[in-house]
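Asks: Here it is, the structure, as structure tokens.
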Amino acid sequence: MKKTCLIICGPTAVGKTSLAIQFALHYNTQIISADSRQCFKELNIGVAKPSPAELNQVHHYFINSHSITEEVNAGTFETYALDSSATIFSANDIAVMVGGTGLYIKTFCEGMDEIPPVDPGIRQSIIDDYDKQGLQWLQDAVQQQDPVFFSKGEIQNPQRLMRALEVKLSTGNSIHSYQQEQKKERDFNIIKIGLELPREELYERINNRVDRMMRAGLAHEVQALSTYKKLNALQTVGYKELFDHFDGNISLDRAVELIKQNSRHYAKRQLTWFKKDKNIQWFNPDITVAKLEAVIFSDTKKR
């Protein structure tokens with residue numbers, strides 16, 4: 001059988017990690033995380049990392065692999081994930097990738113052009129302005145500077161907006177100009193599995209998970225990172241709301257309410273992204289490994 005990477009994707013809190021571990025254990029293989037936040041070793045509770053027990057069960061690449069002080073982007077992930085998949089394929093015909101960062105998964109599958117280095121001063125200036133003026137300012141700035149991205153990109157996602165703005169201001173070009181015109185061919189099969197639940201059930205899972213995070217000490221984790229709150233890695237759900245609380249702008253109850261709300265919005269954006277990919281086959285999270293095997297082998301026989 002040709003080497004195959006099974007990609008398990010979908011919205012936050014849907015149950016991707018559990019299925020990926022079951023499948024990896026069944027095939028005695030390893031997992032590549034496709035999560036843009038779990039790679040940071042300083043972030044734990046708020047990014048819903050697999051538990052220490054789960055990480056001991058199966059080796060995960062791109063978890064705890066970087067520091068929040070490092071620049072990590074889709075290009076970084078492409079190189080890292082291709083190297084990791086080559087390592088896995090040296091001993092196994094199947095690799096597993098799991099995560100909800102759609103751009104990272106797309107880049108792994110199709111490649112992207114290299115984006116020139118960004119001026120660190122420009123990046124810091126954008127972060128400072130966003131911290132002072134908020135999302136509306138950031139959206140207006142991107143709409144003015146890069147209307148191409150604004151018309152097609154994730155305009156509710158501060159990290160994506162800041163990335164688009166820093167690229168435009170540093171290079172003079174829209175970040176979309178660095179998209180691959182022609183998809184790269186990989187020397188392995190790619191099978192994409194999407195997990196989904198009815199909206200009400202997914203949102204209940206998200207709300208319950210945020211409550212568990214708070215009980216597990218998320219507020220303490222965020223407070224300990226307050227020195228680094230302007231770093232790009234921390235402009236993310238679960239952290240920025242609590243920074244706002246510790247700055248005295250909102251109550252703790254309001255911060256928790258916003259984490260739940262913003263997590264639900266994020267899940268909706270993830271589904272919108274993944275539903276555009278017609279190569280993804282969608283299942284309930286309780287799909288069995290046997291069913292996944294049938295999907296994989298039926299697909300690979302056609303290739």
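Asks: Across segment 280-285, in residue order, what do the Karplus-derived ³J(HN,Hα) couplings come to in whole Hz, using 6.51 cos²θ - 1.76 cosθ + 1.60 with θ = phi - 60° and x for Gly and Pro?
Replies: Ordered by residue, 3J(HN,Hα) equals 7, 9, 9, 9, 6, x Hz.
Asks: If you fit an axis through the alpha-carbon atoms of helix 16-26 and take the longest principal axis of the Cα set of the chain, what angle between them do you get, 0 to 90°, nearest 10?
Replies: Between the helix axis and the principal axis of the chain, the angle is about 30 degrees.
Asks: Under 20 Å Cα-Cα from Lys41, which lysines qualify once same-chain neighbours fewer than 8 residues away are excluded?
Replies: Lys49, Lys229, Lys230, Lys240
Asks: Take the Cβ-Cβ distance between Gln124 and Val289 as r, set R0 to 51 Å, and report the resulting FRET efficiency rounded to the nearest 0.05. If you can, show how the numbers build up before the last one.
Replies: On the way: r = 47 Å, r/R0 = 0.91.
It comes to 0.65.
Asks: Right, another one. Counting only protein heavy atoms and using a 1.4 Å probe, what share of the accessible area of the chain belongs to carbon plus sulfur, as a whole percent? Present the calculation step by step, with values, prior to reporting the outcome.
Replies: Values: 6790 of 14460 Å².
The value for the chain is 47 percent carbon and sulfur by accessible area.
Asks: Which one of Val118, Gly75, Gln57 has its Cα pushed farthest toward the positive end of the charge dipole of the chain, where Lys and Arg give +1 and Asp and Glu give -1 at the Cβ?
Replies: Most positive-ward Cα: Gln57.
Asks: Among Tyr104, Leu195, Ser251, whose Cα sits farthest toward the positive end of the charge dipole of segment 104-260 (+1 at Cβ of Lys/Arg, -1 at Cβ of Asp/Glu, about the Cα centre)?
Replies: Leu195
Asks: Where the centre of each part is set by its Cα atoms, how far does segment 7-36 sit from segment 38-117, in angstrom?
Replies: 12
Asks: When a/c reaches 1.5 or more, the comparison of a/b and b/c decides; with that in mind, is segment 1-77 rounded, prolate or oblate per its Cα gyration tensor? Walk me through the intermediate numbers first.
Replies: Numbers: a/c = 1.76, a/b = 1.41, b/c = 1.24.
Prolate is the answer for segment 1-77, as a/c is 1.5 or above and a/b outweighs b/c.
Asks: Quick query: amide H of Asn189 versus all other amide H atoms, modeled in the peptide plane; which residues come in under 5 Å with a sequence gap of 5 or more or a different chain?
Replies: Long-range HN contacts for Asn189: Lys3, Thr4, Cys5.
Asks: Across every pair of different alpha-carbon atoms, what Kirkwood hydrodynamic radius in Å does the chain reach? Mind showing how you got there, number by number?
Replies: Details: mean 1/r = 0.0497 Å⁻¹.
About 20.1 Å for the chain.
Asks: Which one, Leu25, Leu165, Leu103, has the greatest fluctuation when you compute a Gaussian network model over the chain with C-alpha springs under 10 angstrom?
Replies: Maximum among the listed residues: Leu25.
Asks: Of Gln133, Gln223, Gln22, which is the most mobile in a GNM of the chain whose springs link Cα atoms less than 10 angstrom apart?
Replies: Result for the chain, Cα springs under 10 Å: Gln133 fluctuates most.
Asks: Add -39500 (n - 2.57) for each DSSP H run of 4 or more in the chain, then divide by its residues: what number comes out at 222 nm, to the nearest 500 deg cm²/dmol? Can you show the working numbers first?
Replies: On the way: 12 runs with 156 residues, N = 303.
That comes out to -16500 deg cm²/dmol.
Asks: Can you give the convex hull volume of the alpha carbon atoms of segment 140-221 per residue, in Å³? Kindly include the intermediate steps, with their values, before the conclusion.
Replies: On the way: hull volume 17.6 nm³, N = 82.
Spelled out: Cα convex hull of segment 140-221, divided by residues, is 214 Å³.
Asks: Can you give me the orientation-averaged projected area of the convex hull built on the Cα atoms of segment 146-303, in nm²?
Replies: Details: hull surface 52.1 nm².
Projected over every direction and averaged, the Cα hull of segment 146-303 covers 13.0 nm².
Asks: Can you work out ³J(HN,Hα) from phi for every residue in segment 251-265, in order, using Karplus 6.51 cos²θ - 1.76 cosθ + 1.60 and θ = phi - 60°, giving whole Hz and x for Gly and Pro?
Replies: 6, 5, 4, 5, 4, 5, 4, 6, 4, 5, 4, 5, 5, 5, 4
Asks: Shifting gears a bit: Just the accessible area per residue of segment 77-140, please: how many Å² with a 1.4 Å probe?
Replies: On the way: 2720 Å² over 64 residues.
On a per-residue basis, segment 77-140 sits at 43 Å².
Asks: Let's see if you can work this out: charge +1 on each Lys and Arg Cβ, -1 on each Asp and Glu Cβ, no other charges. What is the dipole magnitude of the chain about its Cα centre, in debye to the nearest 20? Each step should come with its number before you reach the end.
Replies: Values: 37 positive and 37 negative charges, 171 e Å.
Charge dipole, the chain, about its Cα centre: 820 debye, nearest 20.
Asks: Highest first, please rank the peptides 238-247, 187-196 by the mean number of other Cβ atoms sitting within 10 Å of their residues. If you can, show how the numbers build up before the last one.
Replies: On the way: 238-247: 20.2, 187-196: 18.6.
Descending packing order for the listed peptides: 238-247, 187-196.
Asks: Identify all aspartates and glutamates with a Cα-Cα distance to Lys3 below 16 Å; exclude those on the same chain that are fewer than 8 residues away in sequence.
Replies: Cross-link targets: Asp83, Asp93, Glu185, Asp187, Glu293, Asp299.
Asks: Excluding ligands, DNA and RNA, what is the solvent-accessible area per residue of segment 204-289 at a probe of 1.4 Å, expressed in Å²?
Replies: Numbers: 4670 Å² over 86 residues.
Solvent-accessible surface per residue comes out at 54 Å².
Asks: Additional query: Quote the relative contact order of the chain in percent (integer), defining contacts as alpha-carbon pairs under 8 Å separated by 6+ residues. Each step should come with its number before you reach the end.
Replies: Details: 421 pairs, mean separation 82.6, N = 303.
The normalised contact order for the chain reaches 27 percent.
Asks: Over segment 136-287, what is the mean sequence separation of C-alpha contacts under 8 Å (at least six apart), divided by residue count, expressed as relative contact order in percent? Please report the intermediate quantities before stating the final value.
Replies: Working: 106 pairs, mean separation 38.5, N = 152.
About 25 percent, as a whole number.
The values are calculated or read from the model by the stated rules, or taken from the named source; none is laboratory data. Everything quoted here is computed from the prediction, not taken from an experiment. Every residue, glycine among them, receives a Cβ derived from its backbone with ideal geometry; neighbour counts consider all protein chains shown. Areas reflect the complete protein model, heavy atoms only, side chains present, ligands, DNA and RNA absent. Shrake-Rupley method; radii C 1.70, N 1.55, O 1.52, S 1.80 Å.
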